[in-house]
Amino acid sequence: MTTPATDFRHIRPWRGSQDQAFEELCYQLRDPTPQGAELVKTGSPDGSLEWYVTCRNGVQWGWQVKYSFDIDNLLKGMEKSLKTVVEKRPNCRRLTFCIPFDLPVASEAGKRKSARQKFEDKKKSWRKRIPGAERVCIELWSEGNLLERLVQHPG
């Protein structure tokens with residue numbers, strides 16, 4: 001099966017915004033809830049998690065959606081979310097950020113670091129600077145991951 005041609009910049013608004021539409025799409029494309037775990041989809045304000053799963057042992061896995069196409073804005077928002085998660089959800093061990101584009105590995109002309117390198121550098125920095133962040137595995141679902149999930153869920 002081929003990956004659909006999709007540009008999340010043009011996602012149809014839902015409940016009045018593209019942000020809401022992208023958030024709902026990511027939620028619909030989530031992994032199945034592990035057996036015996038509890039899935040919770042949060043409302044607004046979301047406490048820095050759009051949804052989370054609480055496993056039988058009390059460990060939580062959370063997802064946060066960021067609908068922005070600017071790496072610097074994304075990183076600021078991610079850091080703010082991570083700080084809130086480690087403060088308010090001490091059992092969260094995995095935080096997955098969903099973003100609408102793939103992070104380039106090559107830097108743009110005149111820039112020293114690529115978006116991917118900035119993200120990886122920030123992850124290392126957060127683990128050192130934010131108390132509790134070292135216990136959270138930070139993952140990323142970007143455009144390619146989401147498009148692959150769309151292929152698995154046609155209709």
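A short reminder: the numbers here are calculations on the coordinates, not readings from a lab. What you see is a predicted model; the values in this text were computed from it and never measured. Every residue, glycine as well, gets a Cβ built from its backbone with ideal geometry; the counts of neighbours run over all protein chains shown.
Lone cysteines in the chain, defined as no other cysteine's Cβ under 4.7 Å from theirs: which are they?
55, 92, 137 - these cysteines have no disulfide-compatible partner (Cβ-Cβ under 4.7 Å) in the chain.
Report, in debye and to the nearest 20, how large the dipole of the chain comes out about its Cα centre when Lys and Arg carry +1 and Asp and Glu carry -1 on their Cβ.
Dipole size: approximately 700 debye.
Could you work out the relative contact order of the chain, using alpha carbon pairs under 8 angstrom and six or more residues apart, expressed as a whole percent?
It comes to 23 percent, rounded to a whole number.
Which whole-number value in Å³ per residue fits the convex hull of the alpha carbons of the chain?
130
Quick one: 44, 114, fewest Cβ neighbours within 10 Å first, how do they rank?
Least to most surrounded, the residues fall as 44, 114.
Any idea what the relative contact order of region 92-155 is, in percent, if you count C-alpha pairs under 8 Å spaced at least 6 apart?
This gives 46 percent for region 92-155.
Please give me the summed charge of the neighbours of residue 27: other residues whose Cβ is under 9 Å from its Cβ, Lys and Arg +1, Asp and Glu -1.
-1
Counting other C-beta atoms within 10 Å, which of 52, 67, 27 has the fewest, and how do the rest follow?
So the ranking, lowest neighbour count to highest, is 27, 67, 52.
Around residue 51, with a cut-off of 13 angstrom between Cβ atoms, what is the net charge of the other residues, counting Lys and Arg +1 and Asp and Glu -1?
With Lys, Arg at +1 and Asp, Glu at -1, the net is -2.
Can you sort 134, 139 by how many other beta carbons sit within 10 Å, fewest first?
Listed from fewest to most nearby Cβ atoms, that is 134, 139.
Where nothing but the Cβ of Lys and Arg (+1) and of Asp and Glu (-1) is charged, how large is the charge dipole of region 68-155 around its Cα centre, in debye to the nearest 20?
Computed about the Cα centre, the dipole is about 580 debye.
How large is ³J(HN,Hα) for each residue in region 25-41, as worked out from phi by the Karplus curve 6.51 cos²θ - 1.76 cosθ + 1.60 (θ = phi - 60°), to whole Hz, x for Gly and Pro?
Per residue, the Karplus-derived 3J(HN,Hα) values read 4, 4, 4, 5, 8, 5, 5, x, 5, x, 4, x, 8, 10, 9, 10, 9 Hz.
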